[in-house]
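Here, each number is a calculation from the coordinates, and none is a lab measurement. Only a predicted model underlies this, so the values are computations on that prediction, with no experimental measurement involved. Virtual Cβ from ideal backbone geometry, glycine too; neighbours counted across all protein chains shown.
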Ligand code: PHE
Ligand code: NA
C-alpha cells in the first residue's frame, strides 16, 4: 500500500491502518464466493478441517514470514529478495520468487475481476427487484442467462478492472483506508443478518453438518491440495502481496499479533459464508457442487423472501464488490511496484500495462462460461485451469520457497530480531513451523497429487 507509511503518525494508528489494509486484501471473493463453492465441490466437513489446519499451521506462520521479509527491507518483493539473499550470502536465483509472485497476482486478478463484475451486475439485478419472491429455479435461470452472454460479462469485467486501476494509479490513499474501515463492519453486519435468516430455514442443520461434520471418505488427494491452496489464496499468501504491505509497517508493531488477527477475521468471514449458503442449498434441494455460480444461485433466494430483502440484497452485492476491490488492488500492486521500481515506468504506464494483461487474460474466463464452456484442457475450462495453476500450484510453491528461505537461508538472528516475539519459545515454535512443517506439508501434498505417495 503505497502511502500507508505517509498517512500514519502515532503508533496506534499505524497498527490499525496496517490491519485494515491487510484485512482488506485478505477478505474478498476468496471467502464469500470461492470458499463455499469449493467446499461444496469437495464434500464439506473433511475439506474444511484440512483447510483450517492449513490456515493455522502454514498460513499464520507464513503470513508472519512474508510480513517480516517486507518490513526488513522496505522494498518491493523482487528487490526484497535480492537484498536479503545478498545479506545471507545466498544464491542469486531467489529473486525469481518475486517474479513468480508478480505473475501469479496478475493471473489471479484476471479472473477475480470477472467474478467481481458479476457481483457488480447483481447490484443492479437486486435493485430492479429481480429476486422478489422468485423461486430457486427462476433464480438459477437468471444466473445461467446472465453468464451466457460474453459481451455482458466483458462489460462488467472491464468496468471493475478500470475501477481497480483508477485506485492503484493514485497510489493507495486515505480514501481506501476509510473505505475498508466502514466496509468490514458492514460486511460482518450483513452476514450476521443473513446467518439469522439461514438459521430459520429448515435446512440449517444439514448445512451446519455438511460444513463441520467431516466425512474423510470424500477427501481425495486433489481436494487436500485444493484446501491447502485455498488457505494460501484466502490469506493472500505466496505471491508477495503481504510482503508489499509489510514493507510499510513500522518496526515497533507485533507481526505475530497482527497476523493472527487478520487470519482470524478472514476465517470468520469464510465460515460465516458457508453457514449462510449451505442451509439455503439444502432447504431448496440445490446441489452443493453447483460450481462458481453457487452464491449467485443461493443468496438471491434469501433476498427475495426475507423482510427488507431488497435493501439488504443491494447492499450486500455492493459490499461484496468493494471487498473484491480492496483485494484486487493487492493483487496488482506487486506487478506495479516492480514495473515502477525496476523498469523505471511511471505509475500510469505500469498500471496500464499490468491492467491490460490482466484484462485480456480475463476474457478467457469470460468465455469459459459461455462460448468456450466446452473447450477443455486436462478436463478443465480456461477459468478452472488458471485458477488451478495459481491457487493450487503457484501460491503453494511461492509459500514453500518463502518458508525455506526464512527457515534455512536467512540468519535466525535476523528473523528473531525482526519478529521480536518476546519469549524464545515462541520463536522456536515459529521456526519449527517454517523450517519443517510448512515446506514438508506442501511437498508431501504435491507428491501425493502426482501419485508418488
Ligand atoms: N485473499 C483474497 C481473497 O480471499 C484474494 C487475494 C489473493 C488477494 C492474493 C491478494 C493476493 O479474496
Ligand atoms: Na480471503
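Looking at the square roots a ≥ b ≥ c of the eigenvalues of the Cα gyration tensor of the range 367-453, which shape do they give, rounded for a/c under 1.5, prolate if a/b is larger than b/c, or oblate?
Working: a/c = 4.26, a/b = 2.61, b/c = 1.64.
Taking the square roots of the gyration eigenvalues as a ≥ b ≥ c, the range 367-453 is prolate.
If the chain linking residue 132 and residue 182 were pulled fully straight, counting 0.36 nm for each residue of separation and taking away their Cα-Cα distance, it would gain 15.2 nm. Judged by the mean number of other Cβ atoms found within 10 Å, the most tightly packed of the peptides 112-123, 362-373, 229-240 leads the ranking 229-240, 112-123, 362-373.
If you take the Cα centroid of the range 404-420 and the Cα centroid of the range 291-330, the two points sit 42 Å apart. With the Cα gyration tensor of the range 258-367 giving a ≥ b ≥ c as the square roots of its eigenvalues, does the rule (a/c under 1.5 for rounded; else a/b larger than b/c for prolate; else oblate) give rounded, prolate or oblate? The shape class here is prolate. Label positions at residue 16 and residue 91, each projected 7 Å from the Cα along the C-beta direction, are separated by 4.6 nm. Legend: Rg and Dmax of the range 233-284, from Cα coordinates, 15.7, 52 Å. Dividing the helix sum by the residues of the chain, where each DSSP H run of 4 or more adds -39500 (n - 2.57), gives a mean residue ellipticity at 222 nm of -23500 deg cm²/dmol.
With the convex hull drawn over the C-alpha atoms of the range 173-267, the volume per residue is 143 Å³. Per-residue packing, averaged as other Cβ atoms within 10 Å, sorts the ranges 393-402, 40-49, 307-316 into the order 393-402, 40-49, 307-316, beginning with the highest. Over the chain, the fraction of Cα-Cα pairs per 20 Å bin, rounded to whole percents and listed from the shortest bin up, is 26, 59, 14, 0.
Provide the FRET efficiency to the nearest 0.05 for the residue 432-residue 192 pair, computing r from the beta carbons and using R0 = 35 Å.
Details: r = 37 Å, r/R0 = 1.05.
Calculated value: 0.45.
With a simple spin-label model that places each label point 7 Å from the Cα along the Cα-to-Cβ direction, the separation between residue 205 and residue 413 comes to 6.2 nm.
Please label the shape of the range 112-201 as rounded, prolate or oblate, based on the square roots a ≥ b ≥ c of the eigenvalues of the alpha-carbon gyration tensor (a/c under 1.5 means rounded; beyond that, a/b larger than b/c means prolate, else oblate). Working shown, then result.
Values: a/c = 3.16, a/b = 1.22, b/c = 2.59.
Verdict is oblate for the range 112-201.
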